[in-house]
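Peer 1: First the structure, then my questions, so here it is.
Every number here is computed from the coordinates shown, using simple stated rules; none is lab data. Owing to the predicted nature of the structure, the values given are computational and were not obtained by experimental measurement. When we count neighbours, we look across all protein chains shown, and the Cβ atoms used for this are built from the backbone with ideal geometry, even at glycine.
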Amino acid sequence: MLINHSHLVLDACCVLNLCASGHLIKILKSISAQVVVAEVVSSKELITLKRVEECIENDLDTFEGAISQGIIEIEDFITESEQNDFINYAFQLGDDGESATFAIAANRNWAVATDDKRAISFFSREASKIQLLSSLDILKHYADETQLPPLELNTLLREVRYRGKYIAHKNHPLRGWWENSIKMN
């Protein structure tokens, strides 16, 4: 997975899915760009993250652990253009987290990771030059990069499915990889 930008802004759904894997730090370290989460997402959208992280045995492999290690940076709006785009996107999308994520990414020319189909469609139209990734793109990259054994990959994806309540949508390009990897016993 080649990221064509210096930074990758994760939406709340991706943060939840990566945390649910139980391998957040390792996954994020495999990404070649600086990982960023919008302040709005960090402070208001990740309420369910506590429930997910309660299941994780390693206290350091959490969202807060990733922040304290500098693996995730929290970014707020720094320009009037970002604030205006946030307001416009929020009006159109009806979601503050995705809107903040996209406003920051579009104005700074950073890549975005989200799993929300409506947001993906919207952002593809609004900022077609910005690279869009998904949780599956990131998880597959991690599995490939680390040559994760099939049984470990199966366990990781099952954790994402159960803890994160994630299922790859039927049109996702990596749906076949997801299904084959998760069915393996």
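Peer 1: Quick check: net charge around H5, other residues with Cβ under 13 Å of its Cβ, Lys/Arg +1 and Asp/Glu -1?
Peer 2: Net charge in that neighbourhood comes out at +2.
Peer 1: Let me ask something else about it. Express the relative contact order of the chain as a whole percentage, based on alpha carbon pairs under 8 Å and six or more residues apart in sequence.
Peer 2: Result for the chain is 29 percent.
Peer 1: So which of K140/K165; K44/K117; K129/K165 end up more than 27 Å apart, counting from Cα to Cα?
Peer 2: K129/K165
Peer 1: What shape does the chain take by its C-alpha gyration tensor, where a ≥ b ≥ c are the square roots of the eigenvalues and a/c under 1.5 counts as rounded, a/b above b/c as prolate, and the rest as oblate?
Peer 2: Prolate shape, in that a/c is at least 1.5 and a/b is the bigger ratio.
Peer 1: Moving on. Pairs of alpha-carbon atoms within less than 8 angstrom and 6+ residues apart define the contacts here; what relative contact order does segment 74-175 have, in percent?
Peer 2: Reported relative contact order: 16 percent.
Peer 1: On to the next question. In whole Hz, what ³J(HN,Hα) sequence does segment 102-110 give by Karplus (6.51, -1.76, 1.60; θ = phi - 60°), x for Gly and Pro?
Peer 2: 5, 4, 5, 4, 5, 6, 9, 6, 10
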